[in-house]
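The values are calculated or read from the model by the stated rules, or taken from the named source; none is laboratory data. Predicted, not measured: the structure shown is a model, and the values here were computed from it. Cβ sites come from the backbone with ideal geometry, for glycine too, and all protein chains shown count toward neighbours. Quick note on the areas: whole protein, heavy atoms, side chains included, nothing else; ligands and nucleic acids left out. Shrake-Rupley method; radii C 1.70, N 1.55, O 1.52, S 1.80 Å.
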Amino acid sequence: MEDDIWALLPEDVRSEVDALVRQDRRMFAVRAIRNAFDADRPGIYEAMDIVVGRYEAIGRPLFTPTEPLDVGTLFAAVQALPVRPDAVEAVWDGDTDGWFVVLFAVTKDPQREFFLAQSRRGTDLRFFNERTPAWPEAEEADTVGRALAERLGVPFSFASPQTPDGDAPRWWDGRW
């Protein structure tokens with residue numbers, strides 16, 4: 001079915017979709033496919049299957065994990081901040097690909113966060129592998145975050161290290 005839809009797309013739309021795939025702009029590519037049809041528009045899942053196929057055809061990986069976290073690099077980043085942090089915090093976040101963990105240097109008064117790094121080791125496609133997904137990004141953020149906090153002499157906080165939770169309490173809340 002996807003090959004039939006791809007064949008029906010005008011050449012300029014196919015070029016646009018491939019350009020968007022090269023830029024890793026999946027949802028824009030899905031929209032371009034769907035907008036190319038006035039009637040009998042393909043569904044979002046059909047269009048997404050086409051986009052995944054284009055990733056494969058172009059030879060671009062659908063997912064690229066973030067670089068491994070490095071305590072030395074993060075320590076240097078903290079040293080360059082305009083203030084000394086009160087803690088190092090790991091926080092879950094997510095987007096259309098799934099969950100990832102962000103490391104922040106945080107201050108309590110005033111409440112400020114300074115982005116240090118992000119760890120993503122997979123997409124939420126892990127849910128469909130018929131097993132509960134492991135969260136290696138959480139393990140990495142926990143290990144590296146603790147080491148960084150120890151080196152800085154500040155506390156480390158990760159309110160939900162086992163399970164993604166975008167609503168977990170923050171360090172400055174003092175509730176966890």
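Note down the magnitude of the dipole of the chain about its Cα centre, charges +1 on Lys and Arg C-beta and -1 on Asp and Glu C-beta and zero elsewhere, to the nearest 20 debye.
Working: 20 positive and 32 negative charges, 127 e Å.
Roughly 620 debye, rounded to the nearest 20.
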**OP:** With everything on Cα atoms, drop me the angle between helix 26-35 and the longest principal axis of the chain, reported from 0 to 90° to the nearest 10.
**Re:** 30 degrees
Original post:
For the stretch 1-102, what relative contact order do you get, as a whole percent, if you take Cα pairs closer than 8 Å and at least 6 residues apart?
Top reply: 18 percent
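Please report the relative contact order for the chain, taking Cα pairs under 8 Å with a sequence separation of at least 6, and give it as a percent rounded to a whole number. Could you put the intermediate results ahead of the total?
On the way: 248 pairs, mean separation 32.2, N = 176.
Relative CO of the chain lands at 18 percent.
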Original post:
Can you give the angle from 0 to 90° between the axis of helix 136-152 and the longest principal axis of the chain, with both taken from C-alpha atoms, to the nearest 10?
Top reply: 30 degrees
**OP:** Taking H placed 1.01 Å from N in the peptide plane, check which residues at least 5 places from ARG112 or on another chain put their amide H under 5 Å from its amide H.
**Re:** THR107
**OP:** With everything on Cα atoms, drop me the angle between helix 44-58 and the longest principal axis of the chain, reported from 0 to 90° to the nearest 10.
**Re:** 90 degrees
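What accessible area per residue comes out for the chain, rounded to a whole number of Å², with a 1.4 Å probe? Please report the intermediate quantities before stating the final value.
Numbers: 10240 Å² over 176 residues.
The answer is 58 Å² per residue.
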Original post:
What residues from the stretch 54-97 fall in the zone where the backbone N is under 19 Å from a label point 7 Å along the Cα-to-C-beta line of ARG151?
Top reply: 67-91
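Exactly which trypsin sites (Lys or Arg not before Pro) in the stretch 52-153 are in a DSSP loop and have at most 10 other Cβ atoms within 10 Å? Please list the in-between numbers first.
Working: sites: ARG54, LYS108, ARG112, ARG120, ARG121, ARG126, ARG131, ARG146, ARG151; in loops: LYS108, ARG120, ARG121, ARG131.
Taking the stretch 52-153 and a limit of 10 other Cβ atoms within 10 Å, the loop trypsin sites (Lys or Arg not before Pro) found are ARG131.
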Original post:
Under the rule of -39500 (n - 2.57) per DSSP H run of 4 or more residues, summed and divided by the residues of the chain, what mean residue ellipticity at 222 nm is obtained, to the nearest 500 deg cm²/dmol?
Top reply: -12000 deg cm²/dmol
**OP:** Return the single residue from ASP165, ASP109, ASP86 with maximal mean-square fluctuation; model: Gaussian network over the chain, springs between Cα atoms under 10 Å.
**Re:** ASP109
Original post:
Roughly how many whole Å is it from the C-alpha centroid of the stretch 53-70 to that of the stretch 5-46?
Top reply: 20 Å
Original post:
Check TRP99: other-chain or 5+ apart residues with amide H under 5 Å from its amide H, H built from backbone geometry?
Top reply: ASP124
**OP:** For the stretch 1-61, give the magnitude of the charge dipole about the Cα centre (Cβ charges: +1 Lys/Arg, -1 Asp/Glu; no others), in debye to the nearest 20.
**Re:** 360 debye
Original post:
What does the charge add up to near THR143, with Lys and Arg as +1, Asp and Glu as -1, over the other residues with Cβ less than 15 Å from its Cβ?
Top reply: -4
**OP:** Note the listed values (1) 52; (2) 58; (3) 47, then indicate which one is percent of Cα pairs over 21 Å apart calculated from this particular structure.
**Re:** (2)
Original post:
Can you tell which of ASN35, THR66, VAL52 lies farthest toward the positive end of the dipole of the stretch 1-134, using +1 and -1 charges on the Cβ of basic and acidic side chains (Lys, Arg; Asp, Glu)?
Top reply: THR66
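Roughly how many percent of the accessible protein surface of the chain is carbon and sulfur, given a 1.4 Å probe and a whole-percent answer? It would help to have the intermediate numbers written out before the result.
Working: 5050 of 10240 Å².
In the chain, the share of accessible area belonging to carbon and sulfur is 49 percent.
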